[in-house]
Amino acid sequence: MPFRDLLNKAVWAAIYLLFILAPLFALLAGRLPPSRDFGTEFSVAIGYSGLAMMGLQFGLTARFRYVTEPWGEDVIYHFHRRISLLAVGLVVTHPLILFAIGSNKLAMPESIRDVPWGARFAMLSICSLIALVVMALWRTKLRIRYEIWHLTHIVLAVVAVAAGMLHMAGWGFYLIDPWKRALWIGMTVFWIGLLLYVRIFKPLFMLRRPYRVAGLRTERGDTATLVMRPDGHPGFRFKPGQFGWLTLWGSPFRITGHPFSFSSSAEAADGRVEMTIRNLGDFTSAIPKVAVGQRVYLDGPYGAFTIGHPADMHVLIAGGIGITPMMSMILTLADRGDKRPLILLYGGKDWESLTFREELEAQKARLDLTIVYVLSNPPEGWTGERGRITADVFRRHLPPRYADHEYFICGPNVMMDAIEAALGQMQVPISKYHSERYSFV
Ligand SMILES: Cc1cc2nc3c(=O)[nH]c(=O)nc-3n(C[C@H](O)[C@H](O)[C@H](O)COP(=O)(O)OP(=O)(O)OC[C@H]3O[C@@H](n4cnc5c(N)ncnc54)[C@H](O)[C@@H]3O)c2cc1C
């Protein structure tokens, strides 16, 4: 990994830790309240840390390009999910410890009306967090539509963090110094700012930079390509392999945009971008109905899944609709006149539904491109590879110095897991392969 990338990662990781830990250590500076037993103090420390982590979740999902680029958006979302579990665990452990040590803070007053506000907010925060985790972990099992889940997720997160802050302010045990209060108020303002940035400022920016649908192409495999041109502005430049968030109907203030890789060449001079979209649900099934001339909004580019690393050759491994970022890489390399060998291993169900089949074959005239199709349901008389892409397929088609090539993998999760394992077996270092997962949730 280049030193600059490593340094970038280290700096952002340090900033993250600073945001999580600094407020906690700040509470221990300056004037301190009378000390209490270890259990109570430990439980309070855990509560503060959990809350700081929860608040910073708004930053992780704010899609700050410079923050997410060193890792890639999928890694950031993965981290967001994992660290949320830790944060919720800490917040829930806070009252559990108080229960365990029999703290008088949890003694129930005689009447519900006498329950202090601080405790009510604590209950509200914890219940919201539990609902949030249950819905995030079991959304598909609970059959909750993605859009409904997304909206509920944001509302529950805001309620959980706001109630947590109010609970903390309600007790205020450690916030005796005005500067400590100012620090936590500042943090809250920062979290609210992150939310405003994502939900108000960014959409306002996108509203002023709309795109128009310039064409719609039907592709093989129940798939369609949207061609979009910037309307009244130069558009953005993207790197091949990156993706953007598309809003087709309504304004950019809509809660849910849909992520799609760019499938066109990154060298297009007029800001034109294309996205190739497979019918997989309610949003994607409506793509063929999009009217040419329709106004759309694009937020991007995002992602670290891109060429540009020193390599003797590129090995692109695509499964199903995972071909879209590869198409962009192939077209871009062709437009750049890249002379290095390029191998595409393309797994699909059958010959007829291979998206971009003809376009890919056409690129052989412009590049040193070899395409290996691997079909799970090949037609009669098929002499090519069949089944799945495995280490054996690699050994049959790749030049043997496997660790010198640069690998790009995109496809269904099971396929990607298997390929990453196969590359591991072939002693390809992790820094030499790049993955783009099409499921953030
Ligand atoms: C980085 C990335 C790049 C992608 N590139 C492409 C591409 O080039 N071509 C393509 O056809 N598909 C791509 N996808 C997948 C595509 O985003 C989903 O198939 C699409 O959003 C499904 O929407 P739906 O409403 O039609 O289906 P639904 O039935 O609502 O959703 C199917 C599944 O897709 C996921 N999903 C739905 N909406 C979203 C959303 N707004 N954000 C994130 N995940 C969502 C959920 O896991 C959901 O269970 C990409 C996904 C990611 C994360």
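The values are calculated or read from the model by the stated rules, or taken from the named source; none is laboratory data. These figures come from a predicted structure and were not determined experimentally. Neighbour counts run over all protein chains shown; Cβ positions are idealised from the backbone, glycine included. Keep in mind that these areas ignore ligands, DNA and RNA; they rest on the heavy atoms of the full protein, side chains included. Shrake-Rupley method; radii C 1.70, N 1.55, O 1.52, S 1.80 Å.
Taking the stretch 217-254, which residues are under 19 Å from Pro325 (Cβ atoms) and in a strand (DSSP E or B)? Arg217, Glu219, Thr223, Ala224, Thr225, Leu226, Val227, Met228, Phe243, Gly244, Trp245, Leu246, listed by residue number. Return a yes/no flag: does the stretch 362-371 have any residue that is under 29 Å from the mean Cα position of the chain (by Cα) and surrounded by 13 or more Cβ atoms within 10 Å (Cβ to Cβ). No - not one qualifying residue is present in the stretch 362-371.
Among the residues of the stretch 412-431, just one is touching a strand residue (DSSP E or B) at 6+ places or on another chain (Cβ under 6 Å) and either under 17 Å from Ile307 (Cα atoms) or assigned to a loop (DSSP other than H, G, I, E, B) (or both), namely Pro412. Criterion applied to Pro230, Pro301 was being farther than 20 Å from His434 by Cβ and crowded, with 16+ Cβ neighbours inside 10 Å, and the one residue passing it is Pro230. For the stretch 286-319, the tally of residues that are within 21 Å of His258 (Cα to Cα) and more than 16 Å from the ligand (Cβ to nearest atom) stands at 5.
Suppose we keep only residues that are near the ligand (Cβ under 10 Å from one of its atoms) and in a loop (DSSP other than H, G, I, E, B) within the stretch 255-272. Which one would you say is surrounded by the fewest Cβ atoms within 10 Å (Cβ to Cβ)?
Ile255
Can you tell me which condition Ala214 does not meet? The list is (1) open to solvent by 50 Å² or more (accessible area, probe 1.4 Å); (2) aliphatic (A, V, I, L, M); (3) outside any helix (DSSP H, G or I), and all the others hold. Checking Ala214 against (1) open to solvent by 50 Å² or more (accessible area, probe 1.4 Å); (2) aliphatic (A, V, I, L, M); (3) outside any helix (DSSP H, G or I), the one that fails is (1).
Within the stretch 273-285, is there a residue that is open to solvent by 60 Å² or more (accessible area, probe 1.4 Å), modelled with pLDDT under 95 and away from the ligand (no atom under 14 Å from the Cβ)? No: zero hits. When the stretch 332-355 is filtered for residues that are more than 15 Å from the ligand (Cβ to nearest atom), in contact (Cβ under 8 Å) with a residue 40 or more places away in the chain and in contact with a helix residue (DSSP H, G or I) (Cβ under 8 Å, 6 or more places away or on another chain), the ones remaining, listed by number, are Ala334, Ile343, Leu345, Gly347.
For the structure I just gave you, tell me whether Ala318 is under 21 Å from the mean Cα position of the chain (by Cα) and modelled with pLDDT under 90. The answer is no for Ala318.
Do we have any residue at all in the stretch 40-59 that's farther than 15 Å from Gly164 by Cβ, within 32 Å of the chain's Cα centre (by Cα) and at pLDDT 85 or above? Don't jump to the end; show me each part of the working.
Quick first cut of the stretch 40-59, residues farther than 15 Å from Gly164 by Cβ only: 40-42, 59.
Imposing the further condition that a residue be within 32 Å of the chain's Cα centre (by Cα) reduces the set to 59.
Now restrict to residues that are at pLDDT 85 or above: 59.
Yes, because at least one residue in the stretch 40-59 is farther than 15 Å from Gly164 by Cβ, within 32 Å of the chain's Cα centre (by Cα) and at pLDDT 85 or above.
Looking only at the stretch 28-45, residues that are assigned to a helix (DSSP H, G or I) and open to solvent by 20 Å² or more (accessible area, probe 1.4 Å) come to 6 in all. Is it fair to say Glu358 is surrounded by fewer than 13 Cβ atoms within 10 Å (Cβ to Cβ), more than 16 Å from the ligand (Cβ to nearest atom) and in a loop (DSSP other than H, G, I, E, B)? Criteria not met by Glu358. Can you pull out every residue in the stretch 112-129 that is in contact with a Pro (Cβ under 8 Å, 6 or more places away or on another chain) and within 23 Å of Gly89 (Cα to Cα)? If the condition is that a residue be in contact with a Pro (Cβ under 8 Å, 6 or more places away or on another chain) and within 23 Å of Gly89 (Cα to Cα), then Ala122, Ile126 are the ones that fit. Does the stretch 397-407 include one or more residues that are part of a strand (DSSP E or B), closer than 17 Å to Gly303 by Cα and within 16 Å of the ligand (Cβ to nearest atom)? No, the stretch 397-407 contains no residue that is part of a strand (DSSP E or B), closer than 17 Å to Gly303 by Cα and within 16 Å of the ligand (Cβ to nearest atom).
It is to be established whether one or more residues within the stretch 320-331 are open to solvent by less than 30 Å² (accessible area, probe 1.4 Å), in contact with a strand residue (DSSP E or B) (Cβ under 7 Å, 6 or more places away or on another chain) and away from the ligand (no atom under 16 Å from the Cβ). Looking through the stretch 320-331, none of the residues is open to solvent by less than 30 Å² (accessible area, probe 1.4 Å), in contact with a strand residue (DSSP E or B) (Cβ under 7 Å, 6 or more places away or on another chain) and away from the ligand (no atom under 16 Å from the Cβ).
To keep it simple, each residue is scored yes or no on (1) under 19 Å from Gly55 (Cα atoms); (2) more than 21 Å from the chain's Cα centre (by Cα); (3) modelled with pLDDT under 80; (4) not assigned by TED's automatic domain parsing to the domain that holds Ala119.
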position	(1), (2), (3), (4)
Leu137	no, no, no, no
Arg145	no, no, no, no
Val155	yes, no, no, no
Val158	yes, no, no, no
Phe173	no, yes, yes, no
Ile176	no, yes, yes, no
